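> First, the structure itself, so that you have it in front of you.
The values are calculated or read from the model by the stated rules, or taken from the named source; none is laboratory data. Every value quoted in this text rests on a predicted model; they were computed, and no experiment measured them. Cβ: placed from backbone, ideal geometry, glycine included. Neighbour counts: every protein chain shown.
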């Protein structure tokens, strides 16, 4: 498929910056953005330069103590604003009995600069997990959007294969206001328990991209709950797979930042941290 130039792509995981507002700058300083530049020719044809982010904000949980959502929501929004990303795929935003609404919290905090499309894996935005795409509204117009479930029946609310939870992907077609150029952005969160579900979900996502993107350049963001050597990642990256993807971290000549995306608020030893969050083009 045709690819525009998706350069300066950034990947984040929220736990890096879990802190109260008054310590935000102190916490941000030691952790530079993971940025990827100079993509290989498949993704570096003439066209749009897009700065993207995938961001697992972590569900609301009272067990997180000082790292809980009320203490980190302003930091989450500030990270997005500070990096001035064009498009952000968020995962794990929860709604809990009217106590916490992470999606609308983030929408409100980012309203000056970003519009969004989000959907819950259960129904609408009222869900134990909302998946969303935020985009810079000064630069892009939303042309189309949608959701599908990661299951053999993707057009209806359903749980797929051996998954522990219902899982979804949300997608948007965004148009740059100045040039009229469009691209297809898709965001997902694969199941944490089902190995078959993760592989079949990867296959489904590529099939859906093929049918929905209409030949537009694609940026795929998400928490895949899978390391680079795993079956779903190898399927996505295999050059024999139709419309295979490029992992931006590997496709670039320059990579800055750590080689992991999971650390449980800094409690996981560095040598045990893994890479499960990705941006593909």
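> When you go through 173, 133 one by one, which is the residue that is assigned to a strand (DSSP E or B), buried (at least 21 other Cβ atoms within 10 Å of the Cβ), under 18 Å from the mean Cα position of the chain (by Cα) and touching a residue at least 12 places away in the same chain (Cβ under 8 Å)? First the steps, then the outcome.
Values: 173 fails: buried (at least 21 other Cβ atoms within 10 Å of the Cβ).
Sole residue among the options that is assigned to a strand (DSSP E or B), buried (at least 21 other Cβ atoms within 10 Å of the Cβ), under 18 Å from the mean Cα position of the chain (by Cα) and touching a residue at least 12 places away in the same chain (Cβ under 8 Å): 133.
> Give 169, 193, 132 a once-over and let me know the one that is farther than 18 Å from residue 85 by Cα and touching a helix residue (DSSP H, G or I) at 6+ places or on another chain (Cβ under 9 Å).
Sole residue among the options that is farther than 18 Å from residue 85 by Cα and touching a helix residue (DSSP H, G or I) at 6+ places or on another chain (Cβ under 9 Å): 169.
> Further question: Mind listing just one residue for me: the one in the range 143-156 that is touching a strand residue (DSSP E or B) at 6+ places or on another chain (Cβ under 6 Å) and surrounded by fewer than 17 Cβ atoms within 10 Å (Cβ to Cβ) and, of those, farthest from residue 204 (Cα to Cα)?
143
> Restricting the search to the range 70-91, which residues are surrounded by fewer than 23 Cβ atoms within 10 Å (Cβ to Cβ) and farther than 23 Å from residue 137 by Cα?
Correct list: 70, 71.
> Six or more apart or on different chains, Cβ atoms under 7 Å: show the pairs whose first residue is in the range 208-227 and at positive phi and in contact (Cβ under 8 Å) with a residue 12 or more places away in the chain and whose second is in a strand (DSSP E or B) and buried (at least 18 other Cβ atoms within 10 Å of the Cβ).
If the second residue must be in a strand (DSSP E or B) and buried (at least 18 other Cβ atoms within 10 Å of the Cβ), the pairs left are 222/54; 222/89; 222/91; 222/187; 222/188; 222/189; 222/278.
> Would you check which residues across the range 39-53 are modelled with pLDDT under 80 and either part of a strand (DSSP E or B) or over 30 Å from residue 180 (Cβ atoms) (or both) and list them?
If the condition is that a residue be modelled with pLDDT under 80 and either part of a strand (DSSP E or B) or over 30 Å from residue 180 (Cβ atoms) (or both), then 39 is the only one that fits.
> Still on this structure, I have one more. Looking at residue 56 and the list (1) at negative phi; (2) at pLDDT below 85, which single condition is not satisfied?
Just one mismatch for residue 56, condition (2).
> Right, here's the next one. Kindly evaluate residue 259 against the criterion of being farther than 30 Å from residue 65 by Cβ and either free of Cβ contacts under 8 Å to residues at least 12 places away in the same chain or exposed (fewer than 15 other Cβ atoms within 10 Å of the Cβ) (or both).
no
> Condition test on residue 101, is it surrounded by fewer than 23 Cβ atoms within 10 Å (Cβ to Cβ) and in contact with a strand residue (DSSP E or B) (Cβ under 6 Å, 6 or more places away or on another chain)?
So residue 101 passes the test.
> Also, quick follow-up: Select the helices (runs of 4 or more DSSP H) contained entirely in the range 179-272, then report the ones holding at least 3 residues which are within 17 Å of residue 146 (Cα to Cα).
Working: elements: 195-212, 231-237, 248-251.
The qualifying helices (runs of 4 or more DSSP H) are 195-212.
> What number goes with the only condition from (1) within 15 Å of the chain's Cα centre (by Cα); (2) not in a loop (DSSP other than H, G, I, E, B) that residue 145 does not pass?
(1)
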